[in-house]
Each structure stands twice: as C-alpha cells, then as structure tokens.
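Participant: Below is one structure. I have some questions about it.
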Amino acid sequence: MSFITVQNQLYNALAQGLGQSNQTFQLLQPAAPLTVEGGDTFLWSFLNNIPPLSLDQNYTQSGGNQLFSDYKGVMSALRPATKVDVKQEVGEENFQNFVRYLQSLRPIPPVNQFPDIFFNWAMVNAPDVAQQGASAYASIILDPIGSAQQALMPYMQRPPAPPDWARGYDALVRDLSQAPQRAFEMRSSTTSSDVSRSWCSGRRSVLFGLWRGSESTERLSEFFAQSEIAVRASFGHVLSFQTNAGAWYGSSGLGTAYAKKGDPPWRSGSAITWDSTFGASGNIQRVTVNLLVADAMDISVTARTSYSQQDQQIIRGNSRFGLWPFYNGSGEYGITTNTQFGDQGETTLTTKSSPGVPVLIGVNVLPIGRFLGYTSAARSSSA
C-alpha cells in the first residue's frame, strides 16, 4: 500500500467522521493552531487564500494566490455603467479626506451607507459639496461595478486598510466553545481509499510522508504505509466557522464580471480578462467558504511495523517537525507529540492539543461560479 493510499483513507474517514462532504472538503496539512497573537489577521488569511484544486492544502506553500489582491485586479479591469465621478463632484482634496475618514471607522461601512455618511461628514468638513457628493454616491451604488469599485477605496488609499471579514478570532473562540464533540477512526485494512468522486477527483497538490517535509516515497514513509495502520481521533469541539467578507467585497460586482466576458463590463485591452480570472488557468477559480476548526485533539496512530534502532532514532529526530496526520510539532501552541516503539512490533504516534486553542484542520471550497450563484449554463447564456 502506498502512502497516498493511506492519505486517501484518512481523508475519507475524517470527512465522514467530522460531518464534511467530499464535494467541498479540503484537508489542511500541516494543521494550523490559531492563537490570540495571530488574532483576526492570521485567521482571515485562510479565508483570503485561494485554495488549490486538491484534496489537501499546505497553506505555507500555497503560492500566495489571494482573493483580495485578485479581486482588486478584476475591479480595475471593469467598466462601470455610471459615468459619475465623485472626485470631480467634490474635489480631489475632499475626496481623499473622506476616504481617510472611512478608513478610520471600525468596521469600515458598506458602500450603500456612503451617501448618508458622506453627507454627515461633509456638513462638518465641506458643506459646499455635501449634497453633490451624497447624490454622486447615491447614483453610483445603483451600479454593481461602480459601487464595488468605490467600496474598495478605503482599502487602496495609502496607508490602505487591510482586507477584513465580518467576524474574527473572538467570535470563532466563542462559537467553538459551544460546538459539539466529534471523533473518527480509520483502519488501513477496511477504510475506503476511493476519492475519485470527490470534488477534485482525488487530485493532490502537496503530499508529505511520515513527518513534515519528508517525501511520501521516502523509505521510512513507505515502510509505514505498508503496515497495518489504525487511527483513533477525538476532538473536544469541532466547528465549521463561516463569515462574510468585509465592506471591500461586492458580490454583485464580481457576479456581473463573471456573467459576461465582453466589453462591457470588461475593458478592451486590459491585461486582466475574464479568461485570466475565471478561465481554466484563471486566478479566481475557487474560494474558501468556511473553516473547519477543532480543539482538544487527541490523535493516536498505531502501525504494526518494526523499525530498527537506527530508523527509530531518525523518526524521533524528525518528530519535532510534526508527524502524520496533522504534522504539528511538539510545543506548537500547546500541542504535544509522542512517539513510542513497542516490543511487539508496534509504532504509536500521538498528538494532543489544548482545550480552548483552535486548530484549523481543513476548509470547504466552492467553484467560483457556484459561489456566485451561477451555473455554467446560466453564465454561457449571458456571455
């Protein structure tokens, strides 16, 4: 049995045991502890990351394809239906000052509130243009693309506001404490390894071996995979954490861009096109829709195989990098690992995490068309 077969069995057992669908679920390896120090920024980075077409994801090797930056690029390539120019209506200085004011608000408000917010701000700071500016914004927000472009302004003017989501770390910790317990078991002798009908047809992007950074075809990894393996895993709480993108994101604007390939809305001659965004090699083919988070992990992996003393030393020496299945090293934010080699030819790997410390173990993924509410037939008919 190959290591990839064992990995496929893990995927199936975990997805079934933790109530996930193989039509959307992607395993995160290594799993990622979410800490107070990382806070909202680190948590949101996983929502911002565009997942690969793969059953698993290595976040640190994802290539940096980010929803926010790609979304900004799309909006710069679109032609709004409205011809209203807020800068021209209120003046460059007033426009820049108003955007800075928007940046100071927490959270940054949605674009449909800009007319009222501008009017109230301008009555104090620029009364001569209060009505013109409010009217300009009121016209713009009727256009999905124009409103999406204006919503980005607080996130683009220097220093730009960072991309945000509606709910953050505190909400996740609170929700996780109320989430149910979960568990799963895997046996290499009985658990199915068939992932051909999964959402990505069983494709994989990165596959470690027995420890983080090792190759799945490395000798000790193959020896491990060829043994009889049993996994018992329990979690104190398991949560599917979902939230919406912040004020920077306009679903109607992106949906309009997805629905039509031509000009309008895409500007002729732009380097950013429908194909470079949504096509077969596009940079926004999929999005992360929620995060699978757990705490109080207790993972026991038993393999009926005997390693030599030299091989045992190699495994122990590399265990600090983190061992299969979640590849978290001992001491990582309350995570402990242990490796035992029994006299009866058994190798036991254990991983435990602390209660109350969220650990991200997977995400759920949707194709961009489904995420935006379009079927392929609906898109092609309006292209």
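None of the figures in this text is laboratory data; all of them are computed from the coordinates on show. From a predicted model like this one, the values you see are computed outputs, not experimental measurements. When we count neighbours, we look across all protein chains shown, and the Cβ atoms used for this are built from the backbone with ideal geometry, even at glycine.
Participant: For region 264-291, what are the residues that are of a type in the set (D, E, K, R) and either part of a loop (DSSP other than H, G, I, E, B) or surrounded by fewer than 16 Cβ atoms within 10 Å (Cβ to Cβ) (or both)?
Facilitator: Applying the first criterion (of a type in the set (D, E, K, R)) to region 264-291 yields 267, 275, 286.
Of everything in region 264-291, those that are of a type in the set (D, E, K, R) and either part of a loop (DSSP other than H, G, I, E, B) or surrounded by fewer than 16 Cβ atoms within 10 Å (Cβ to Cβ) (or both) turn out to be R267, D275.
Participant: Another one. Just to be sure before I move on: is A294 surrounded by 21 or more Cβ atoms within 10 Å (Cβ to Cβ) and closer than 26 Å to N48 by Cα in the structure I sent?
Facilitator: Details: surrounded by 21 or more Cβ atoms within 10 Å (Cβ to Cβ): yes; closer than 26 Å to N48 by Cα: yes.
It is true that A294 is surrounded by 21 or more Cβ atoms within 10 Å (Cβ to Cβ) and closer than 26 Å to N48 by Cα.
Participant: Given the residues L53, L105, which is the only one that is surrounded by fewer than 21 Cβ atoms within 10 Å (Cβ to Cβ) and touching a Lys or Arg at 6+ places or on another chain (Cβ under 6 Å)?
Facilitator: Values: L105 fails: touching a Lys or Arg at 6+ places or on another chain (Cβ under 6 Å).
Matching residue, one of L53, L105: L53.
Participant: Could you check how many residues of region 157-183 are assigned to a loop (DSSP other than H, G, I, E, B), within 22 Å of the chain's Cα centre (by Cα) and of a type outside the set (K, R)?
Facilitator: Residues of region 157-183 assigned to a loop (DSSP other than H, G, I, E, B): 157-164, 166-168, 178-181.
Remaining after also requiring within 22 Å of the chain's Cα centre (by Cα): 160-164, 166-168, 179.
Checking which are of a type outside the set (K, R) leaves us with 160-164, 166, 168, 179.
Residues in region 157-183 being assigned to a loop (DSSP other than H, G, I, E, B), within 22 Å of the chain's Cα centre (by Cα) and of a type outside the set (K, R): 8 in total.
Participant: A further question on this structure: If the requirement is being part of a helix (DSSP H, G or I), touching a Pro at 6+ places or on another chain (Cβ under 8 Å), of a type in the set (A, V, I, L, M, F, W, C) and crowded, with 17+ Cβ neighbours inside 10 Å, which of these qualifies: V99, V74, V129?
Facilitator: Working: V74 fails: touching a Pro at 6+ places or on another chain (Cβ under 8 Å); V129 fails: touching a Pro at 6+ places or on another chain (Cβ under 8 Å).
Answer to the selection: V99.
Participant: Within region 3-47, track down each residue that is crowded, with 22+ Cβ neighbours inside 10 Å, closer than 20 Å to A245 by Cβ and not aliphatic (A, V, I, L, M).
Facilitator: If the condition is that a residue be crowded, with 22+ Cβ neighbours inside 10 Å, closer than 20 Å to A245 by Cβ and not aliphatic (A, V, I, L, M), then Q26, W44 are the ones that fit.
Participant: Any residue in region 261-274 that is farther than 11 Å from V74 by Cα sitting within a Cβ distance under 6 Å of a residue that is part of a loop (DSSP other than H, G, I, E, B) and among the basic types (K, R)? List the pairs, counting only those 6 or more apart or interchain.
Facilitator: Cβ pairs passing all conditions: P264/R79.
Participant: Restricting to region 172-189, name every residue that is of a type in the set (S, T, N, Q) and surrounded by fewer than 17 Cβ atoms within 10 Å (Cβ to Cβ). Let's see the steps before the verdict.
Facilitator: Quick first cut of region 172-189, residues of a type in the set (S, T, N, Q) only: 177-178, 181, 188-189.
Scanning region 172-189 gives S177, Q178, Q181, S189.
Participant: Go through (1) more than 27 Å from D298 (Cβ to Cβ); (2) touching a residue at least 60 places away in the same chain (Cβ under 8 Å); (3) surrounded by fewer than 19 Cβ atoms within 10 Å (Cβ to Cβ); (4) not β-branched (V, I, T) and name the single condition S192 misses.
Facilitator: The one condition S192 does not meet is (1).
Participant: OK, next. Take the residues of region 132-156 that are outside any helix (DSSP H, G or I) and touching a Gly at 6+ places or on another chain (Cβ under 9 Å): which is surrounded by the fewest Cβ atoms within 10 Å (Cβ to Cβ)?
Facilitator: Initially, region 132-156 is screened for residues outside any helix (DSSP H, G or I), giving 141-143, 152, 156.
Those left that are additionally touching a Gly at 6+ places or on another chain (Cβ under 9 Å): 143, 152.
Details: D143: 20, L152: 22.
For region 132-156, the residue satisfying everything is D143.
Participant: Right, here's the next one. For region 302-324, check the following and say yes or no: at least one residue is under 24 Å from the mean Cα position of the chain (by Cα), over 30 Å from D170 (Cβ atoms) and in a loop (DSSP other than H, G, I, E, B).
Facilitator: We begin by selecting, within region 302-324, every residue under 24 Å from the mean Cα position of the chain (by Cα); these are 321-324.
The next check asks that each one be over 30 Å from D170 (Cβ atoms); those that pass are 321, 323-324.
This time we only want the ones that are in a loop (DSSP other than H, G, I, E, B), so: 324.
Within region 302-324, one or more residues are under 24 Å from the mean Cα position of the chain (by Cα), over 30 Å from D170 (Cβ atoms) and in a loop (DSSP other than H, G, I, E, B).
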